[in-house]
1. Residue pairs, Cβ under 9 Å, 6 or more apart or interchain, first in the stretch 265-293 and of a type in the set (Lys, Arg), second in a helix (DSSP H, G or I). List them.
2. Which residue, of Gln288, Gln257, Gln241, is among the polar types (S, T, N, Q) and assigned to a loop (DSSP other than H, G, I, E, B)?
3. In the stretch 291-320, what residues are charged (D, E, K, R), in a helix (DSSP H, G or I) and more than 16 Å from Asp221 (Cβ to Cβ)?
4. Quick check on the stretch 196-203. Is at least one of its residues modelled with pLDDT of 95 or more, within 13 Å of the ligand (Cβ to nearest atom) and polar (S, T, N, Q)?
5. Regarding Met129, is this residue touching a residue at least 24 places away in the same chain (Cβ under 8 Å), over 21 Å from Asp227 (Cβ atoms) and within 16 Å of the ligand (Cβ to nearest atom)?
6. Among the residues of the stretch 126-145, is any farther than 19 Å from Val12 by Cβ, in contact with an Asp or Glu (Cβ under 8 Å, 6 or more places away or on another chain), basic (Lys, Arg) and at pLDDT 95 or above?
7. Restricting to the stretch 154-171, and then to whatever is out of contact with any Ser or Thr (no Cβ under 9 Å at 6 or more places or on another chain) and not in a loop (DSSP other than H, G, I, E, B), can you tell me which residue is farthest from the ligand (Cβ to nearest atom)?
8. Could you go through the stretch 89-100 and let me know if any residue there is without any contact (Cβ under 8 Å) to a residue 24 or more places away in the chain and surrounded by fewer than 19 Cβ atoms within 10 Å (Cβ to Cβ).
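The values are calculated or read from the model by the stated rules, or taken from the named source; none is laboratory data. On a predicted model such as this, the values are computed, not experimentally measured, just so you know. Quick reminder, even Gly has a Cβ in these numbers, built from the backbone with ideal geometry, and neighbours come from all protein chains shown.
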Amino acid sequence: MARLETLKVAVVGAGKMGADHVRRIEEAVSGARVSAVVDVDAERAKAVAARVEGCTAHTDPAAAMAAADVDAVLVASPGPAHEAALLAAFARDLPVLCEKPLTPDAASALRVMEAERQLGHRRVQVGFMRRYDAEYMKLKSLLSTGQLGRPLMLHNRHRNVASPPGWTSEMLINDSVVHEMDVTRWLLGQEITAVTVLRPAPSANAPQAVQDPQFVVLETDGGAIVDVEIFVNCGFGYQVQAEVVCERGTARIGDGQAMVTTMAGRWGGTIAQDFTDRFADAYDREVQAWADATRRGQVTGPSVWDGYAVAAVCEAGVRSLAEGGRVEVELARRPALYDVS
Ligand code: ISE
């Protein structure tokens, strides 16, 4: 494929993430522009499309993808709508950046993987943006030097100010801990084999019937133990921290001490309030990397295999949450297409 001058992107989903990606492509990413915006809510699609000159608004992803000025697709609709959008993109062999989760369960992720395998080449980068965060990238490169020795444990804390309306206990696993599942596989280079979800006393600030916080324990095929505190109604800020404990040392990220102030007998700094703020640079880097690779005719970054493997871990997590106890992860064999990811 000849290198594309400017990548013309259809953004599917004009909610919080979709609208942020439209802004990002227009303001922060070079070599790409938004040519179409799709949303089931026609008014919302129109309102977001109106921010970009010449951009059209649609309610049907397949119709938008059929437009002559669409070279690639960014899927940012809710998880349950991803499979149909991905299959529509495959029907036109269009490159896709698909927000996490790839799909809401392992069976649908497996169907997407089979469809991409039948295309015969990778088409999808999955939006696990933490892989593009400067601190996570530093941690990954330190681990790969081997200086610290073998990783034995990984401790994670993941806190949000408040959960959006309609949030359920399962969404803490599928929409939030999904990131730690990806990061665990990526940082350690190991698959997750079992999940145990523990249920601390729910916070009085959690919505009725939502189990928040949760404490998730992951086991890997390399023998590492990983814990994740997920607390999506902590009230005070958006915090993501990780500490890897290795044989000869530890490494920790996410303390967010970019600036420390001292005043009136106290010292301190600020805490981000939202993921679009904390991970703004990671999202910019992720979408730029996708646009650059796509213009070169390549697909890089987290693959459909990664999206599927994480979906299988989420499914085990949701079962552990419902039934209690340790649940083993059932993983299909990895197709050769994903050997080098
Ligand atoms: C949200 O969808 C994200 O992806 C954020 O990174 C995560 O912190 C949050 O819990 C999710 O709702």
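1. Arg285/Met129; Arg285/Tyr132; Arg285/Ala134; Arg285/Met137
2. Exactly one residue qualifies, and that residue is Gln257.
3. Asp292, Arg295, Glu315, Arg319
4. no
5. yes
6. yes
7. His155
8. Within the stretch 89-100, none of the residues are without any contact (Cβ under 8 Å) to a residue 24 or more places away in the chain and surrounded by fewer than 19 Cβ atoms within 10 Å (Cβ to Cβ).
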